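Reading through the structure tokens given below for one structure.
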Number of protein chains: 2
Amino acid sequence: MELKVSHLDWSLVQSFLAVAETGSLSGAAAALGQSQPTLGRHIKTLEDQLSVTLFQRHPKGLSLTDTGNSILPAAIAMRAAMTQIANTAEIDAGDLSGTVRIACSVFAAHHVLPVVLAKIREHEPAISLVLQPSDDSENLTFRDADIAVRMYRPKQLDLITRHIAEIEMGVFAAHSYIQRKGRPENLQGMFDHDVVGYDTSPLMIDAMKSMGHTIAPDAFVVRTDNQSAYWELVRAGCGIGFTQAHLGRADPHIEELDIGIDIPSLPVWLTTHDTVRRIPRVARVWDLLAREIPRALQ
Amino acid sequence: MELKVSHLDWSLVQSFLAVAETGSLSGAAAALGQSQPTLGRHIKTLEDQLSVTLFQRHPKGLSLTDTGNSILPAAIAMRAAMTQIANTAEIDAGDLSGTVRIACSVFAAHHVLPVVLAKIREHEPAISLVLQPSDDSENLTFRDADIAVRMYRPKQLDLITRHIAEIEMGVFAAHSYIQRKGRPENLQGMFDHDVVGYDTSPLMIDAMKSMGHTIAPDAFVVRTDNQSAYWELVRAGCGIGFTQAHLGRADPHIEELDIGIDIPSLPVWLTTHDTVRRIPRVARVWDLLAREIPRALQ
DNA sequence: GATCTGCTATTCATTAATGAATGGAATTAA
DNA sequence: TTAATTCCATTCATTAATGAATAGCAGATC
């Protein structure tokens, strides 16, 4: 059965795309807020309407056929257009309510954004906020987040970016650690101490190398790649650590150490899509983030 | 009520686009093969989902609001993507059955295409053919036609075109006219005769001017802009007329006149969209048109 | 003014679509 | 080998969507 475009059901393509991206009927059902039998029927109906096979069925889900792969880009284009429609409608509605989703690192989600979001909620009680922490190295996919807070300059060409602050870094240790082990006099002496580091992340090793010190990952006697947990390890007295200065200086159980090195500060950038930025509530949250984050970093 | 893109119903946009283009619920219902109340509901549901007003309601239909106009381009983009999906599926299906729609002038629909389409049907009985005659000056809208047969070179940049023939023109009169009025000796003498012409179309006047004769539209004692009816007027003996040579020479009631002028021939072009051309049944009909039309013009 | 035409809005019966529940298959872990 | 997990396919009761019919409105025509 072949149908003219005007008689094809566009919503079946939405189901196709969800199954293609999740790889299963149940995954797509969850993503669309529907049920697994419904998704199975939608795919079958679309295959019947187009007279082609779009998926191979497996016990563990579905994989795209060549034909399925051929039409995938057009399905993605339909979603982009649908997103444009939704964003345009929101801009025209001019409404300062609804949900704004903010993506940031796990560390910032623990130690920077909570007080900022409380402030935003105070100013805009009709706006709901969703915090989406992640340390994945991939860049934003704006299907899910409206605004991202990043500690590096975003490089994608179709984004709006704004540099809002610099985060000063410092060397810190807990009082409990200092009572047991004392203080290092300089960077060289620090390596006779316990230092908390990252496990697989090369960030700290690269920073040391740029200061003239080559160290191996296992020079760090305690290691984690989770940056929020990293700070808790330092606070618990596991060793000396590097973190954002505002955080260490605000903690009464922590002492800042002067080992004679000048650590480069971290930039803070906001980023979003041009069209999303024009949605009134997103614009409002953007402005408030730009104002409140620098304040929170004092 | 605002919904995430994944929870918006894409088929509502299809209804929006149909109403926007037809200007009424009943018109859109006819275009989509649905009912008027359904279209009304779909528009209301979409307005509720997006929290905007998309149309102003009038006794004679609906007009787009500014917001409605803002989202119209994205809705058109969705249809383009949906069309791409349907075409891609058809190409992959590789099926030599289904319907092919052919657009052409009213004249060609009477005197050229019928014998050609009979020949195509003979070769491909599984392919249904729809002939869409029109003398509107607008170019093809390929939502409705797969292939167009044109007597001029199509100018759109995204089309595939092919020049397949030249149509020789001639001057003709019916025996009944010649018995009453005789034959003109040359072009000058012809204007002492009854000449059948076009009413508002400047084609014939422009052709005369390019041959050095300036005449007024009312110099034609019988006039019509319908080219197929034009030929019937000549055949009935209303006067001398200009038409395609293959037609006049094939008619036993018609005599060709030699008045010493050389009328430029008409080109015949086939045209279609690149993606549509790759659909197997369209490709097949294209090839057969390219072969059979020149034969029909002998 | 009366009538016709073409449209939208609403109601109600009918049809279609949906989801909870269940069964079957394949894979993995104990 | 058995049990658990994760998936798709199917059935049946429920819900949602649809279309025929009707009413109302505005504009054009006689």
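The numbers here are math on the coordinates, done by the rules we state, and not lab data. Computed from a predicted structure; not experimentally measured. Please note: Cβ atoms are built from the backbone with ideal geometry, for glycine as well, and neighbour counts cover all protein chains shown.
For chain B, the longest principal axis of the alpha carbon atoms and the long axis of helix B:36-50 meet at an angle near 50°.
Take B:D192, move 7 Å from Cα toward the beta carbon, and the resulting point lies 12.9 nm from the same point in each other copy, nearest first. Extension gain, A:Q36-A:E232: 0.36 nm per intervening residue step, less the Cα-Cα distance, totals 66.3 nm. Adding -39500 (n - 2.57) for every DSSP H run of four residues or longer, then dividing by how many residues the protein assembly as shown holds, sets the calculated 222 nm ellipticity at -13500 deg cm²/dmol.
If the limit is 29 Å between Cα atoms, which of B:K4/B:K60; A:K4/A:K44; A:K44/A:K155; A:K119/A:K209 go over it? Those over the limit are B:K4/B:K60; A:K44/A:K155; A:K119/A:K209.
When Rg and the Kirkwood Rh are both derived from Cα coordinates, the Rg/Rh ratio for the protein assembly as shown amounts to 1.20. Return the FRET efficiency for the residue pair A:E185, A:D218: r is the Cβ-Cβ distance, R0 is 30 Å, and the value is rounded to the nearest 0.05. With R0 = 30 Å, the Cβ-Cβ based efficiency is 0.80.
Here is how far apart the A:D262 label points are across copies: 8.9 nm, shortest first, using a point 7 Å from Cα toward Cβ.
Restricting to region A:169-257, compute how many DSSP beta bridges are antiparallel as a %, nearest 5. That works out to approximately 75 percent antiparallel.
Beta-bridge orientation, chain A: approximately 65 percent antiparallel, per DSSP, counting only bridges with both partners inside.
Dividing the radius of gyration of the alpha carbons in region B:5-92 by their Kirkwood radius gives 0.99 for Rg/Rh.
Note on B:69-75: average number of Cβ atoms from other chains within 10 Å of each residue's Cβ is 5.
Express the Stokes-Einstein translational diffusion coefficient of chain B in µm² s⁻¹, to the nearest whole number, given a Kirkwood radius over alpha-carbon pairs, 4 °C and a viscosity of 1.567 mPa s. The calculation lands on 57 µm²/s.
Between B:D225 and B:L131, full extension at 0.36 nm per residue minus the direct alpha carbon distance yields a gain of 31.8 nm. FRET efficiency for the A:I261 to A:D287 pair, using the beta carbon distance and R₀ = 41 Å, is estimated at 0.65. Shielding of A:10-19 by partners, i.e. mean partner chain Cβ atoms within 10 Å per residue? What the average comes to for A:10-19 is 4. Let's test the formula: R0 of 45 Å, r as the Cβ-Cβ distance of A:I160 and B:K60. What FRET efficiency results, to the nearest 0.05? E between A:I160 and B:K60, to the nearest 0.05, is 0.55.
Report, for the protein assembly as shown, the % of DSSP beta bridges that are antiparallel, rounded to 5. Expressed as a percentage, antiparallel bridges in the protein assembly as shown total about 65. Here chain B is treated with +1 on each Lys and Arg Cβ and -1 on each Asp and Glu Cβ, and its dipole about the Cα centre works out to around 500 debye. Looking at region A:188-294, the chymotrypsin sites (Phe, Trp or Tyr not before Pro) that sit in a DSSP loop and have at most 16 other Cβ atoms within 10 Å of their own Cβ are A:F191. Relative to the Cα centre, the charge distribution of the protein assembly as shown, modelled as +1 at Lys and Arg Cβ and -1 at Asp and Glu Cβ, gives a dipole magnitude of about 700 debye.
Taking the Cα atoms only, what angle lies between the long axis of helix B:113-123 and the longest principal axis of chain B, rounded to 10 degrees? Around 60 degrees separate the two axes. In this assembly of identical copies, the label point of A:I76 (Cα plus 7 Å along Cα-to-Cβ) is separated from its counterparts by 2.5 nm, sorted shortest first. Which values of log₁₀ I(q)/I(0), to two decimal places, follow from the Debye formula for region A:55-136 at q = 0.20 Å⁻¹ with a uniform point scatterer at every Cα? Debye intensities relative to I(0), on a log10 scale: -0.94. Projected over every direction and averaged, the convex hull enclosing the alpha-carbon atoms of region A:20-62 yields 2.8 nm². Taking a Cβ cut-off of under 12 Å around B:H175, the surrounding Lys, Arg, Asp and Glu residues balance to a net charge of +1, with basic ones at +1 and acidic ones at -1.
For region B:144-298, the normalised intensity computed at q = 0.16 Å⁻¹ comes to -0.93 (log10 of I(q)/I(0), Debye sum over alpha carbons, equal scatterers, no solvent).
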